[in-house]
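Enquirer: Structure below; questions to follow.
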Amino acid sequence: MRIGIDVGGTNTDAVLLDGRQVLAAVKTSTTADVTSGIVAAIAGLQEQRPFDPADVRAVMIGTTHFINALVEARRLAPTAALRLSLPAGASLPPMVDWPGRLIEAVSGRGYLVHGGHEFDGRHIAELDEAEVRKAAADMGQAGVRSVAITSVFSPVNAEFEARAAEIVAAELPDAAISLSSEIGRIGLLERENATIINAALRELAAHIVDGLASSVSGAGITAPLYLSQNDGTLMDVDFARRYPVATFASGPTNSMRGAAVLSGLDTCAVVDVGGTTSDVGVLRHGFPREATTDVTVAGIRTNFRMPDVLSIGIGGGSRVREGAVGPDSVGPDSVGYELTSRALVFGGDTLTATDIAVAAGRAEIGDPSLVAHLDRGLVEAALRRIADDVADVVERMRTSAEPLPVVAVGGGSVLLPDELAGAGEVRRPDHYAVANAIGAAIAQIGGEVDRVYAVEPGRRDAVVDAAKQEAVDRAVAAGASPSTVQIVDFDEVPIPYLPGNATRIRAKAVGELQLTDAKGR
């Protein structure tokens with residue numbers, strides 16, 4: 001058995017699975033401290049289907065803690081960015097395109113020193129260790145507690161980042177250090193941005209992961225704890241402490257993976273309607289289609305692994321404002337986790353999308369008599385507006401003329417009609433309301449390689465095989481069962497403007513989590 005938990009802005013969902021069979025599923029309100037909501041969710045599972053905590057092999061959690069902290073610019077550590085790039089790469093300093101409030105929130109400081117590589121691994125300049133020591137000393141005087149180190153083309157050769165990290169660690173033994181070669185992809189500024197974000201979240205990550213672990217152990221569960229990553233795979237708690245940025249899109253990713261399992265479709269559009277937003281993504285071969293362009297997070301351009309997701313402010317908690325004829329607007333603002341106190345059906349004073357669904361007979365929540373007075377025209381017009389907005393987003397996510405099946409999941413999907421304009425039938429599989437928790441529970445372990453290779457004539461097959469094998473090795477090292485690992489995604493893009501038959505190769509391998517029971521079997 002395994003437990004999957006997904007913490008959203010409105011609800012915390014939890015499921016108990018035996019293999020792929022759902023034994024119990026609960027939906028509780030997310031709490032301000034989040035961890036007490038997780039405790040309540042696990043208690044709800046125990047109440048619905050009593051189980052021996054020792055029989056649980058693993059607990060998987062998808063959390064919004066870290067993305068929320070960045071968006072709200074709170075609980076971020078004083079952070080410095082050290083870029084190894086001189087004499088090149090000096091025209092745009094670190095954090096040049098960041099919103100001012102986030103630079104202030106991380107007490108952002110930037111340092112440029114000599115170093116870096118060409119795309120083929122040749123040195124731009126030798127690493128100046130004295131410059132690194134001088135920068136580290138200044139960081140210490142400024143009270144920096146976390147350092148992001150970025151070197152030009154470090155995904156090709158990370159030797160300078162590793163050496164700079166040793167020097168900084170010697171000068172600042174208590175500082176957390178993040179290396180861009182372990183976080184982002186090709187593209188200096190975007191990779192550096194992702195690394196600075198990760199560094200700023202390191203202190204919070206240690207605190208949050210410890211809180212999650214204690215909430216699980218408090219329920220008597222001694223099984224290992226895993227967190228969901230942006231690409232639909234898992235990471236253990238030690239990895240989560242080092243790379244909190246890898247959890248940013250775990251919510252919509254879990255929903256999409258859960259939709260694939262529940263619907264039996266491995267290629268489809270998934271509409272996840274939660275309490276605050278509707279997230280629309282596309283599954284390819286059972287995994288979310290990844291964004292191929294830079295992803296902007298809280299106003300910052302980044303290039304780490306993120307799913308291609310479009311979000312709109314429509315959910316079960318969306319506020320509905322009445323106009324002269326029909327609804328003036330549905331969303332984007334939401335009552336969030338206060339739904340059970342502010343919605344009309346719960347005796348509140350705010351008209352929400354949930355009230356519209358109850359009035360239309362699509363949901364049985366709260367007291368239907370409290371929305372019996374709503375004008376029928378208003379209810380129908382609100383549902384039409386929701387359907388049209390979602391259909392528009394689904395259409396924008398299509399990349400070919402081929403029909404794309406639509407699977408609706410999330411508790412708020414009762415707001416959607418049985419058919420969407422231009423997309424046809426909307427499928428709602430069993431347990432659709434907790435698809436995100438199911439996606440977390442069935443997640444696998446992955447490994448990825450994304451690098452520029454100089455491919456010599458006649459050597460292409462050997463280079464490709466080596467890249468794929470490295471991706472497989474990384475998945476196994478992360479905890480995947482070796483016999484189950486396979487390549488699920490592969491890209492090979494020649495880069496004609498660079499010499500030496502330069503080719504960017506990306507390989508992703510995925511396998512089943514290697515589980516043991518409480519007795520180590």
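The values are calculated or read from the model by the stated rules, or taken from the named source; none is laboratory data. The shown structure was predicted, so the numbers you read here are calculated from the model rather than taken from an experiment. Please note: Cβ atoms are built from the backbone with ideal geometry, for glycine as well, and neighbour counts cover all protein chains shown. Only protein heavy atoms, including side chains, enter the accessible area calculation; ligands, DNA and RNA are left aside. Shrake-Rupley method; radii C 1.70, N 1.55, O 1.52, S 1.80 Å.
Enquirer: What angle, in degrees between 0 and 90 and rounded to the nearest 10, separates the Cα long axis of helix 460-477 from the longest principal axis of the Cα atoms of the chain?
Expert: Its long axis makes an angle of about 60 degrees.
Enquirer: Using alpha carbons only, how many degrees (0 to 90, rounded to 10) separate the axis of helix 35-48 from the longest principal axis of the chain?
Expert: Relative to the chain, helix 35-48 is tipped by roughly 50 degrees.
Enquirer: What longest region of the chain stays clear of GluC sites (Glu not before Pro) that DSSP places outside H, G, I, E and B and that have at most 13 other Cβ atoms within 10 Å?
Expert: Value returned for the longest uninterrupted segment is 127-363.
Enquirer: With r as the distance between the Cβ atoms of ASP473 and ARG133 and R0 = 30 Å, compute the FRET efficiency 1/(1 + (r/R0)^6) and round to 0.05.
Expert: Values: r = 35 Å, r/R0 = 1.16.
According to the calculation, E is roughly 0.30.
Enquirer: For the stretch 75-203, build the charge dipole from Cβ charges (+1 Lys, Arg; -1 Asp, Glu) around the Cα centre, then report which of GLY143, VAL113, SER91 sits farthest towards its positive end.
Expert: Going by the charge dipole, the pick is GLY143.
Enquirer: Starting from the amide H of ALA125, placed 1.01 Å from N in the peptide plane, find each other amide H under 5 Å away whose residue is 5 or more places distant or on another chain.
Expert: For ALA125, whose amide H was placed from the backbone, the distant partners under 5 Å are GLY115, GLY116.
Enquirer: Still on this model: So what is the calculated 222 nm ellipticity per residue for the chain, using -39500 (n - 2.57) for each DSSP H run with n of 4 or more, over all residues, to the nearest 500 deg cm²/dmol? Mind showing how you got there, number by number?
Expert: Details: 14 runs with 161 residues, N = 521.
Mean residue ellipticity at 222 nm (helix-derived): -9500 deg cm²/dmol.
Enquirer: Using the Karplus curve 6.51 cos²θ - 1.76 cosθ + 1.60 with θ = phi - 60°, what ³J(HN,Hα) values do you get for each residue of the stretch 449-456, in whole Hz, with x for Gly and Pro?
Expert: 10, 9, 8, 9, 10, 8, 8, 6
Enquirer: Sticking with this one: Under 20 Å from a point placed 7 Å out from the Cα of GLU425 along the Cα-to-Cβ direction: which residues of the stretch 266-287 have their backbone N that close?
Expert: So the set is 266-272, 283.
Enquirer: Enumerate the calculated ³J(HN,Hα) couplings along the stretch 185-196 in order (Karplus 6.51 cos²θ - 1.76 cosθ + 1.60, θ = phi - 60°), each rounded to whole Hz, writing x wherever the residue is Gly or Pro.
Expert: Computed from phi, the couplings for the stretch 185-196 are 10, 4, x, 4, 5, 5, 5, 4, 4, 4, 6, 5 Hz.
Enquirer: FRET efficiency for ASP174 and GLU364, Cβ-Cβ distance as r, R0 = 56 Å, nearest 0.05? Walk me through the numbers before you get to the answer.
Expert: Numbers: r = 55 Å, r/R0 = 0.97.
The calculated FRET efficiency here is 0.55.
Enquirer: Hey, any idea what Rg/Rh is for the stretch 413-464, computing Rh the Kirkwood way over Cα pairs? Let's see the in-between values first.
Expert: Values: Rg = 21.4 Å, Rh = 16.1 Å.
Taking Rh as the inverse mean 1/r over Cα pairs, Rg/Rh reads 1.34.
Enquirer: Just subtract the alpha-carbon distance of VAL96 and GLU166 from 0.36 nm times their residue separation and send over the number in nm, one decimal. Show your work: numbers first, answer last.
Expert: Working: separation 70, 0.36 × 70 = 25.20 nm, distance 2.64 nm.
Gain on stretching VAL96 to GLU166: 22.6 nm.
Enquirer: Related question: Explain nothing, just compute: Karplus ³J(HN,Hα) = 6.51 cos²θ - 1.76 cosθ + 1.60, θ = phi - 60°, for every residue of the stretch 369-385 in order, whole Hz, x for Gly and Pro.
Expert: 5, 6, 10, 5, 7, 5, 5, 4, x, 4, 4, 5, 5, 5, 5, 5, 5
Enquirer: Can you give the accessible area per residue of the stretch 1-55, in Å², using a 1.4 Å probe?
Expert: Values: 2230 Å² over 55 residues.
Heavy-atom SASA per residue in the stretch 1-55 reads 41 Å².
Enquirer: Let me ask something else. What length, rounded to one decimal in nm, is gained on full extension from ASP266 through to ALA43, with 0.36 nm per residue of separation minus their alpha-carbon distance? Can you show the working numbers first?
Expert: Values: separation 223, 0.36 × 223 = 80.28 nm, distance 3.27 nm.
Full extension from ASP266 to ALA43 adds 77.0 nm.
Enquirer: Got a sec? Charge dipole of the chain, +1 on Cβ for Lys and Arg, -1 for Asp and Glu; which of LEU16, GLY286, SER255 is way out at the positive end?
Expert: LEU16
Enquirer: While we're on this one: Would you mind working out the magnitude of the charge dipole of the chain relative to its Cα centre, with +1 at each Lys and Arg C-beta and -1 at each Asp and Glu C-beta, to the nearest 20 Debye? Before the final figure, lay out the partial values.
Expert: Values: 46 positive and 67 negative charges, 58 e Å.
Dipole size: approximately 280 debye.
Enquirer: In whole Å, how far is the Cα centre of the stretch 152-201 from that of the stretch 318-366?
Expert: 46 Å
Enquirer: At 1.4 Å probe size, with the rest of the protein present, what percent of the exposed accessible area of the stretch 202-361 is carbon and sulfur atoms?
Expert: Details: 2660 of 5450 Å².
The C+S portion of the solvent-accessible surface of the stretch 202-361 is 49 percent.
Enquirer: By how many nm would the segment from HIS285 to ASP52 grow when fully extended, if each residue of separation counts as 0.36 nm and the alpha-carbon distance is taken off? Mind dumping the intermediate values first?
Expert: Values: separation 233, 0.36 × 233 = 83.88 nm, distance 3.50 nm.
Contour length minus the Cα-Cα distance gives 80.4 nm.
Enquirer: Going by average Cβ density within 10 Å per residue, which order do the peptides 461-467, 384-390 take, highest to lowest? Display every interim value, and only then the final one.
Expert: Numbers: 461-467: 14.6, 384-390: 18.3.
Averaged packing, sorted descending, gives the order 384-390, 461-467.
Enquirer: Then there is this: Angle, helix 129-142 long axis vs. longest principal axis of the chain, Cα atoms, 0 to 90°, nearest 10?
Expert: Once rounded, one gets 40 degrees.
Enquirer: For labels at GLU492 and ASP375 in the simple 7 Å Cα→Cβ model, what's the distance in nm?
Expert: Label-label distance for GLU492 and ASP375, simple model: 6.3 nm.
Enquirer: In nm, to one decimal, how far is the modelled label at ASP120 from the one at ARG460, with both set 7 Å along Cα→Cβ?
Expert: If labels sit at ASP120 and ARG460, their model points lie 1.9 nm apart.
Enquirer: Using a 1.4 Å probe on the protein heavy atoms, what percent of the accessible area of the stretch 44-98 belongs to carbon and sulfur?
Expert: Values: 1160 of 2220 Å².
Ligands and nucleic acids excluded, carbon and sulfur reach 52 percent.
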